[in-house]
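Heads up, the thing below is written out as C-alpha cells.
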Amino acid sequence: MTGARHAASVVLCCYTEDRWDDLVEAVKSVGGQTLPPAELVVVVDHNPALLRRAAEAFEAPGVRVLENHRRAGLSGARNTGYRAAVGEIVAFLDDDAAADSWWLEEMLAPYADPAVAAVGGRAIPAWPDDAPPRWLPPELYWIVGCGYTGQPESRAEVRNLMGCAMSFRRKHLEALGGFTESVGRTAALPLGCEETELCIRLRQRVPGAKVVLEPAATVRHRVTRGRTAREYIRHRSWAEGISKAAVSRLVGEQDALETERSYLRAVLPKAVLRELRRGNLAGARGIFVATAAAGAGYVRGRLRRGENETQPSPIPVHTVDLAGGSEVDWPGEAAALVRAGEVVLGSVRRPEDAAGLRERLAELSADRPPRPERLPRVSVVLATAGRPDDVRRCVHSVLATGYPDLEILVVDNVADGPRGPLRELATTDERIRLLHEPVPGAGRARNRGAQAATGTVLAFTDDDTVVDRGWLAELAAELAQPDTPCVTGLVAPLRLDTPAQVWFEAFGGFGKGYRRQAFTADAHRLQSPGRFGSGNNMAWRREDFLALGGFDERLGPGRRTKSGEDLDLYLRLVGSGKRVVYTPHAVVRHEHRGTEEELLRQLRGYGTGLAAMYLLHAARPGGLRELALAVPRGLPRLLGRKSEQSTESAGVPRRLVIEQLKGTVSAPLALLRERAR
C-alpha cells in the first residue's frame, strides 16, 4: 500500500478478537487491490487487547492502526477513521468482509463525475453452509448486511448505501461532521442505519449531490451461523425498526422512509407470492416475521420519546462574508453567521435577511478597538481529557490563525497520560507544548498550563471547538485597551445536525449576542453571571489571571461540581473592581453534544456547578448578603437559561430545564466532597 498518488484511503473498523481471522482476510484483501489505496486505516473500537494485537500484526508501510477515542460503536470508529485519513476519497470496509481485487477501482470510477459525493458497492453473502436458510429469501439479505433483491443491478443513483462497502468524498464527511454517533451498531446491539442517515443528510445539505450504487464493486461478506437463526432475524429486524425511528427524528420521516415504503409496496408482495408458489412457507413466513418485527421496532422507537414531542430537523450552519463575495443564498432555513471581513454583524436564518445587517457595519466597526502595532506573545491553553482527534482539530485551527507569536500548551488531564496521539501531535510543530496533569479537573489543568506559559496573554478554549482565523488577533486587540484584564468572545455552533444540538442552541447555547459590552460589578452580576462569556472562548492578561489565583480547582469538569469555574473567575474579577469585555468578533465554533443523553448530563452538570459557585460566593466576605438580595430579584434567570415557558415555545423539551434544576440540588453535597483547595 504505497503511492500517495492514489486518491483513496480505506478505513476498516473492528471491535472484537472473535473476528480475528476475518479481520486478517479483510486487511489482506485491501492489499491485493488492482488500484492500491493511499493507505489503510484500521480503527479498533475500545478494545485494548485487540488494539495491541492489530498494531503488531499489521505493522507495514501504508497501514496505520488507531484507537477509537470517540463514542463506542461503529459510527464513532468510522468518524475516527475518516478524520485521520489523507485520501480525497474515504472508503469503508467491514472487518468481516473481503474485498474482491477490483473493488476499489470499480468504486472510484463514478467519482469522475464531480457531482458524485458517495459511492457504494455490493456485498455478496458468504453463507456458513454455502447456501442461505429457507426462511431467508434474497429480499431479506439486508438483515445480514448484504445486497438484496430490490436494489439496482447496474450503476444507479440511490438514497443510501450499505455500510460494509461504501465510500465518500472526504470534504463532505468533514462538512457534515461524519456519522451521527447516536445512531449505529455497537458491540452489544445490532442497530444500524448510520450510513442511511448520513446519505440522506448529505443529499439534504448538498444540492445536486449524487449517491451512487456501483454493483460491480463487490465484496464477500461472511455470514456467521448465528446470523442465519430465526431469532437473529427477528432481533435484527426489530433493531432496524428502532434505528429507522431514530433516523426519522434526525432527518424527517419522509426522507427516512421513502425507500422502505416503495420496498413494502413493490418488492415484498411479489416475494411472498413467489415463495408460496414454490411451496416455501418458511420463506413467506420469514418475510412476514421480519416485516412485523421491523414495524414493531419502529413504533417502539417513535413512542420512546412520545409521539407528541416535536423532533427538530437538522439546521445547516453557514458563515456568510458580505465583504468577501460569499453567495448569500441557501435553501430553507439555516444558522448563518454574517460578517463583513473581520466584523461580525449578526446571525440570520433566511438569506433575504442577511443584506439588512449591512446597516450595522459602520457602527460595529467604529466600536472595535484597533489592532496593536506589536502583537503580544499569546499562550493558548488547551486542557483535555477527551478525544485526541478533537484536540488535533482544535490545535490545527489555532495554528491556522497565523498569529505571529504563539505557543499552544496542550494539558493532558488523564491519570496515565500523556497519551500517545498527543505525544505525536506535539512533534508536528515546535509551537505545540505537551504537559501532563494527572489530577482530574479542568480548572487544575488550566492552572497548570497558565503557570507554564511564556506569553503575556493567556487564551483558553476547549478541545471540542474550532477557532476562527481572526480569533487571537481580536482577543489581543481587546486586551491592549486600558483596564481590560479579561475578554470573552462569541461561541457559535459548529453544527446543528441532531435534535440535542438544536435543542441546546434553542435553550440558550453559548451565544452572548452581537454587541461589544463591558461588564463591571453591577447589581445584576449575580443574577446572570453567564452573560460575561464562556470559558471555552476567553483570554486574560497573565499577570491578572495569576493575581486572582487562577481557577478555583473545586469547580469545573473533572470534579464533582462539574462546571462553574469560569463564571466564578469572572465574578471574582469584577468583584475586585475590574471589568470583563465581551466581543462578538472573536469567534469559536463549538461542537454541541450530539445525543440527548449527553446533553442531559451536561445540563445537570451546569446546574450543579452554578449552585456550587453561588455557595462558594456566599462564603466570601459580604457574599451571603449579596446573594440574599440577588436571588429574589433574579430567580427566573439564575440558571442563566431561557425560562421554561420560552423553551417550550421554542420546541425544547421541559425535561432539559428539569434536569438542570436537578443538578442544583446535588451541589451542596458535591462541594462538601471536594477536598479543600
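The values are calculated or read from the model by the stated rules, or taken from the named source; none is laboratory data. These numbers were taken from a predicted model, which means no experiment stands behind them. Heads up, the Cβs are rebuilt from the backbone with ideal geometry, glycines too, and the neighbour counts pull from every protein chain shown.
Figures for the structure shown
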item	result
Of the criteria (1) touching a Lys or Arg at 6+ places or on another chain (Cβ under 8 Å); (2) at pLDDT below 90, which one Pro215 fails	(2)
Check on Thr310, hydroxyl-bearing (Ser, Thr, Tyr), surrounded by 18 or more Cβ atoms within 10 Å (Cβ to Cβ) and either outside the structural domain of Leu66 (by TED's automatic domain parsing) or modelled with pLDDT under 90 (or both)	no
Residue under evaluation Ala521, criteria (1) surrounded by fewer than 18 Cβ atoms within 10 Å (Cβ to Cβ); (2) assigned to a strand (DSSP E or B); (3) touching a helix residue (DSSP H, G or I) at 6+ places or on another chain (Cβ under 8 Å), criterion not met	(2)
Val86 vs. criteria closer than 25 Å to Val206 by Cβ, surrounded by fewer than 17 Cβ atoms within 10 Å (Cβ to Cβ), hydrophobic (A, V, I, L, M, F, W, C) and assigned by TED's automatic domain parsing to the domain that holds Glu275	yes
Sole residue being in a helix (DSSP H, G or I) and at pLDDT below 90, chosen from Leu357, Leu364	Leu357
Hits in the range 555-603 (condition: of a type in the set (Asp, Glu) and in contact with a helix residue (DSSP H, G or I) (Cβ under 8 Å, 6 or more places away or on another chain))	Glu565, Asp568, Glu591, Glu596, Glu598
Evaluation of Trp503 against (1) over 30 Å from Thr180 (Cβ atoms); (2) among the aromatic types (Phe, Trp, Tyr); (3) not in a loop (DSSP other than H, G, I, E, B) (one fails), failing number	(1)
Elements of type helices (runs of 4 or more DSSP H) in the range 189-298, at least 1 residues being closer than 18 Å to Asp497 by Cβ	194-205, 230-251, 253-262
Residues of the range 390-424 satisfying the condition of being closer than 19 Å to Val378 by Cβ and either of a type in the set (Val, Ile, Thr) or part of a helix (DSSP H, G or I) (or both)	Val391, Cys394, Val395, His396, Ser397, Val398, Leu399, Thr401, Ile408, Val410, Val411
Helices (runs of 4 or more DSSP H) fully within the range 39-157 counting 2 or more residues that are at pLDDT below 95, more than 27 Å from Val247 (Cα to Cα) and in contact with a strand residue (DSSP E or B) (Cβ under 9 Å, 6 or more places away or on another chain)	48-57
Matching residues in the range 196-229 - criterion: being closer than 18 Å to Leu140 by Cα and among the charged types (D, E, K, R)	Arg220, Arg222, Arg225, Arg227
Subset of the range 450-474 [farther than 22 Å from Asp552 by Cβ, among the acidic types (Asp, Glu) and part of a loop (DSSP other than H, G, I, E, B)]	Asp464, Asp468
Qualifying residues in the range 256-285 (those that are among the small types (Gly, Ala, Ser) and out of contact with any helix residue (DSSP H, G or I) (no Cβ under 9 Å at 6 or more places or on another chain)) - the one farthest from Arg302 (Cα to Cα)	Gly279
Residue within the range 22-43 that is of a type in the set (Asp, Glu) and either in contact with a Leu (Cβ under 7 Å, 6 or more places away or on another chain) or closer than 30 Å to Gln204 by Cβ (or both) present	no
Residues (among the small types (Gly, Ala, Ser) and within 19 Å of Val657 (Cβ to Cβ)) located in the range 489-532	Ala500, Ala506, Gly508, Gly509, Gly511, Ser528, Gly530
Yes/no for Leu40 being touching a residue at least 40 places away in the same chain (Cβ under 8 Å), in the same structural domain as Pro128 (by TED's automatic domain parsing) and either small (Gly, Ala, Ser) or within 17 Å of Ala98 (Cα to Cα) (or both)	no
Flag for Ile200 being within 20 Å of Val247 (Cα to Cα), modelled with pLDDT of 85 or more and more than 27 Å from the chain's Cα centre (by Cα)	no
Single condition Gly535 does not satisfy, out of (1) more than 23 Å from Leu661 (Cβ to Cβ); (2) in a loop (DSSP other than H, G, I, E, B); (3) modelled with pLDDT of 95 or more; (4) not hydrophobic (A, V, I, L, M, F, W, C)	(1)
Close pairs from the range 460-481: first in the same structural domain as Leu494 (by TED's automatic domain parsing) and within 24 Å of Arg495 (Cα to Cα), partner among the aromatic types (Phe, Trp, Tyr) and modelled with pLDDT of 95 or more, Cβ under 7 Å, at least 6 apart	Leu472/Tyr403
Candidate set from the range 540-554 (those that are within 33 Å of the chain's Cα centre (by Cα) and in a loop (DSSP other than H, G, I, E, B)); member that is surrounded by the most Cβ atoms within 10 Å (Cβ to Cβ)	Phe551
Qualifying positions in the range 361-390 - over 20 Å from Thr461 (Cα atoms) and in contact (Cβ under 8 Å) with a residue 40 or more places away in the chain	Leu364, Asp367, Arg368, Pro369, Pro370, Arg371, Pro372
Filter result (closer than 14 Å to Gly386 by Cβ and in a helix (DSSP H, G or I)) within the range 574-600	Glu598
Residue match in the range 596-610 (condition: of a type in the set (Val, Ile, Thr) and either free of Cβ contacts under 8 Å to residues at least 60 places away in the same chain or over 23 Å from Glu437 (Cα atoms) (or both))	yes
Any chance Ser326 is in a loop (DSSP other than H, G, I, E, B), modelled with pLDDT under 85, under 30 Å from Val344 (Cβ atoms) and out of contact with any strand residue (DSSP E or B) (no Cβ under 9 Å at 6 or more places or on another chain)	no
Count of the range 592-628 residues which are crowded, with 17+ Cβ neighbours inside 10 Å and among the hydrophobic types (A, V, I, L, M, F, W, C)	9
Which numbered condition Ala547 misses (of (1) at positive phi; (2) without any contact (Cβ under 8 Å) to a residue 12 or more places away in the chain)	(1)
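Every residue, every condition in (1) of a type outside the set (Gly, Ala, Ser); (2) closer than 30 Å to Cys394 by Cβ, yes or no:
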position: Lys28; (1), (2): yes, no
position: Gly31; (1), (2): no, no
position: Thr34; (1), (2): yes, no
position: Ala57; (1), (2): no, no
position: His69; (1), (2): yes, yes
position: Ala85; (1), (2): no, yes
position: Ala98; (1), (2): no, no
position: Trp102; (1), (2): yes, no
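Per-residue answers, yes or no, for (1) under 30 Å from Pro314 (Cβ atoms); (2) of a type outside the set (Gly, Ala, Ser):
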residue: Ala492; (1), (2): yes, no
residue: Leu569; (1), (2): no, yes
residue: His592; (1), (2): yes, yes
residue: Leu610; (1), (2): yes, yes
